[in-house]
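Here the structure comes first, spelled out in structure tokens, and everything after it is commentary.
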Amino acid sequence: MPAKTYVRTIINGEHVDFLCEPRQSLLECLRDVIGLTGTKEGCNDGNCGACTVSMDGRIVTACLVLGVEAEGKEITTIEGIAKGSQLHPVQQAFLENAALQCGICTPGFIVSSVALLEKIPQPSEHQIRFWLANNLCRCTGYDKIVRAVQDAATKM
Amino acid sequence: MHWIDYASPHSVREAVDLLNEAGGSARPMAGGTDVLVQLRANALPDVNLLVDMKNIPELNEMTMDPEVGLTLGAAVPCYKIYGNKAIEHAFPGLIDCASLIGGTQIQGRASLGGNLCNAAPSGDSIPVMIALGGVARISGPSGDREVPLEDFCTGVRRTVIQQGEILVSLHFPAPVANQGANYMRFIPRNEMDIAVAGVGCSVVLDNGNIKSARVALSSVAPTPLYVKEIGDAIAGKPANEETLKLAGQMAKDAAKPITDMRGTIEYRKHLCDVLTRRSLQIAIDRAKES
Ligand SMILES: Cc1cc2nc3c(=O)[nH]c(=O)nc-3n(C[C@H](O)[C@H](O)[C@H](O)COP(=O)(O)OP(=O)(O)OC[C@H]3O[C@@H](n4cnc5c(N)ncnc54)[C@H](O)[C@@H]3O)c2cc1C
Ligand code: FES
Ligand code: FES
């Protein structure tokens, strides 16, 4: 049985090659193999969205993607959202609107929200809530998150 | 998760060979949103090879022909379905289910083929695909075959797919004039939940009368339930409240639900009545607009 597979990807704009076992999720590969720990693990079964990353321009839960499936794919994680020390407007809006408390859900919410605003620059509250339904937050009660996304939309 | 291997074939033949050689220890994987969860929960202890369906051209097909109808590859993820203008126009019923399975991230991966092959009683795409007269195109070691979707699921998580076979695509006949369809489910939340009950239906109108109709239910039997009697009973009747009441009552009678944490038998039967009336009304409205 082959122990590990060689996987070539582009992560946050840079070529990243890594070795992983076929059973390892993309989430495990990002965190434990590549050392990008910004992407969080909540439920490990697709429900909470803490592990959200963008893969070839679509957001997915990295816990339900195998690392080997990332071969040839372009991935954006929370580490790729800011430009150097310049926060993305969505990150800035989360800070200014106090849209986080413990912060475990925040990377997933930000990656999802950035993808939403790329697709729908001026979303309605209804659209925001439905788009973010696959992201759970046990602290904020969601209102501040929705307001942060609305705020970011006015600044992009 | 226990140790598994992964293969990514590029043709139907290669996939069928891989599955066949592996015997019962290999599983197809499309979006993985069921199979990876089940593997992680130790529900598939004998599986040691996942065969990825996503790099096979036929399983990614989306062809809409005004005469032949729609061929939808079994591995096409939900977001590509609701992003397709031709499907949106001709099959709003498919858009209904593709846009309510899971949330945005799940829809980035989940396929209707996977939803069907997983054969959960609550599978949200199955009732409307049955109502639309969908047919499964299957390839296996001994050739190709077609199975109408109402015959596809044979029990909880059981289907007609045999060892070594794969679902290649789903075929839906082109909609005729004055046809409309809908899928509607009841869940306690607004999204991201498992249907307590669901109804998929398709109707064809003729001068304010129902020319033909097909209705199927989810979450109220071990398999998605095609209730042929409803279509037989309401064909030829006016598309009015009285007819919808009859359909609702028949759905209630046909449902064979169980009581569990999501709802009681009585509650689910009541939902079948209400949802059937509402879903048929939407299908009728869509038929008038078409
Ligand atoms: C958070 C979350 C929310 C969800 N919400 C919903 C929901 O609202 N409604 C709903 O109905 N479901 C829901 N699901 C379940 C799941 O997402 C759907 O059933 C989905 O459509 C499965 O598609 P997939 O492509 O991911 O299937 P996979 O997991 O890849 O496969 C599912 C099954 O089908 C088999 N299979 C896949 N492709 C083929 C093929 N071509 N030939 C033969 N067999 C095949 C696999 O072996 C497996 O047994 C949810 C899941 C999660 C994790
Ligand atoms: S950790 Fe992936 S969805 Fe919760
Ligand atoms: S801030 Fe704690 S879970 Fe969202």
#### Entry: Per-residue mean of C-beta atoms belonging to partner chains within 10 Å, peptide B:94-105
5
### Query
If the cut-off is 17 Å between C-alpha atoms, which aspartates and glutamates fall inside it for B:K256, apart from same-chain ones fewer than 8 positions away?
B:E150, B:E229, B:E266, B:D273
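Would you mind working out the magnitude of the charge dipole of the protein assembly as shown relative to its Cα centre, with +1 at each Lys and Arg C-beta and -1 at each Asp and Glu C-beta, to the nearest 20 Debye? Could you put the intermediate results ahead of the total?
Numbers: 41 positive and 49 negative charges, 200 e Å.
With Lys and Arg at +1 and Asp and Glu at -1, about 960 debye.
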### Message
Multiplying the sequence separation of B:E266 and B:D253 by 0.36 nm and subtracting their Cα-Cα distance, what value in nm do you get?
### Response
3.6 nm
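If the only charges are +1 at each Lys and Arg Cβ and -1 at each Asp and Glu Cβ, what is the size of the charge dipole of the range A:1-101 around the Cα centre, to the nearest 20 debye? Display every interim value, and only then the final one.
Details: 8 positive and 13 negative charges, 10 e Å.
Once rounded to the nearest 20, the dipole reads 40 debye.
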### Query
Relative to the first principal axis of the alpha-carbon coordinates of chain B, what is the inclination of helix B:12-21, with its axis defined by its Cα atoms, in degrees from 0 to 90 and to the nearest 10?
60
#### Entry: Antiparallel DSSP beta bridges within the protein assembly as shown, percent to nearest 5
85
### Query
What's the center-to-center distance, using Cα atoms, between the range A:93-156 and the range A:51-92 in Å?
16
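Based on the inverse mean of 1/r over its pairs of different Cα atoms, what is the Kirkwood hydrodynamic radius of the range B:57-173, in Å? Please list the in-between numbers first.
On the way: mean 1/r = 0.0710 Å⁻¹.
Value: 14.1 Å, from the Cα pair sum.
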### Message
If you split all Cα-Cα distances of chain B into 5 Å bins from zero, what percentages do you get per bin, shortest first?
### Response
1, 6, 13, 17, 18, 16, 13, 8, 5, 2, 1, 0, 0
### Computed over the range A:44-156, Cα set: Rg, Dmax in Å
13.4, 39
### Task
Enter the angle in degrees (range 0 to 90, nearest 10) between the Cα long axis of helix A:143-155 and the first principal axis of the Cα atoms of chain A, meaning the one along which they spread out most.
90
### Task
At a Cα cut-off below 17 Å, give the aspartates and glutamates reachable from A:K73, other chains included and same-chain residues fewer than 8 away excluded.
A:E14, A:D17, A:E28, A:D56, B:D52
### Query
How far apart, in nm, are the 7 Å Cα→Cβ label points at B:V176 and A:T37?
6.4
### Under 16 Å from B:K85, Cα to Cα: aspartates and glutamates that are on another chain or at least 8 residues apart
B:E61, B:D65, B:D96
#### Entry: C-alpha long axis of helix B:265-289 to longest principal axis of chain B, angle in °
80
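Multiply the residue separation of B:W3 and B:R189 by 0.36 nm, subtract the distance between their alpha-carbon atoms, and state the gained length in nm to one decimal.
63.3 nm
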## Note on the structure
Taking a label point 7 Å from the Cα of B:A43 along Cα-to-Cβ, the residues of the range B:96-120 whose backbone nitrogen sits under 18 Å from it are B:101-103, B:106-107, B:109-120
### Summary
Once Lys and Arg are counted +1 and Asp and Glu -1 for all other residues with Cβ under 14 Å from that of B:G248, the total becomes +2
## Note on the structure
Mean projected area, convex hull of alpha-carbon positions in the protein assembly as shown, reported to one decimal in nm², is 21.6
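Which pairs in the list A:K144/B:K269; B:K80/B:K269; A:K155/B:K288; B:K80/B:K252; A:K4/B:K54 are over 31 Å apart, alpha-carbon to alpha-carbon? Present the calculation step by step, with values, prior to reporting the outcome.
Numbers: A:K144/B:K269 39 Å; B:K80/B:K269 34 Å; A:K155/B:K288 43 Å; B:K80/B:K252 34 Å; A:K4/B:K54 21 Å.
Result: A:K144/B:K269; B:K80/B:K269; A:K155/B:K288; B:K80/B:K252 exceed 31 Å.
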### Task
Take every residue in peptide B:36-45, count the Cβ atoms of other chains within 10 Å of its Cβ, and give the average of those counts.
3
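No value in this document is a laboratory result; all are computed from the given coordinates. Everything quoted here is computed from the prediction, not taken from an experiment. Neighbour counts are summed over all protein chains in view; Cβ atoms, including those assigned to glycine, are modelled from backbone coordinates with ideal geometry.
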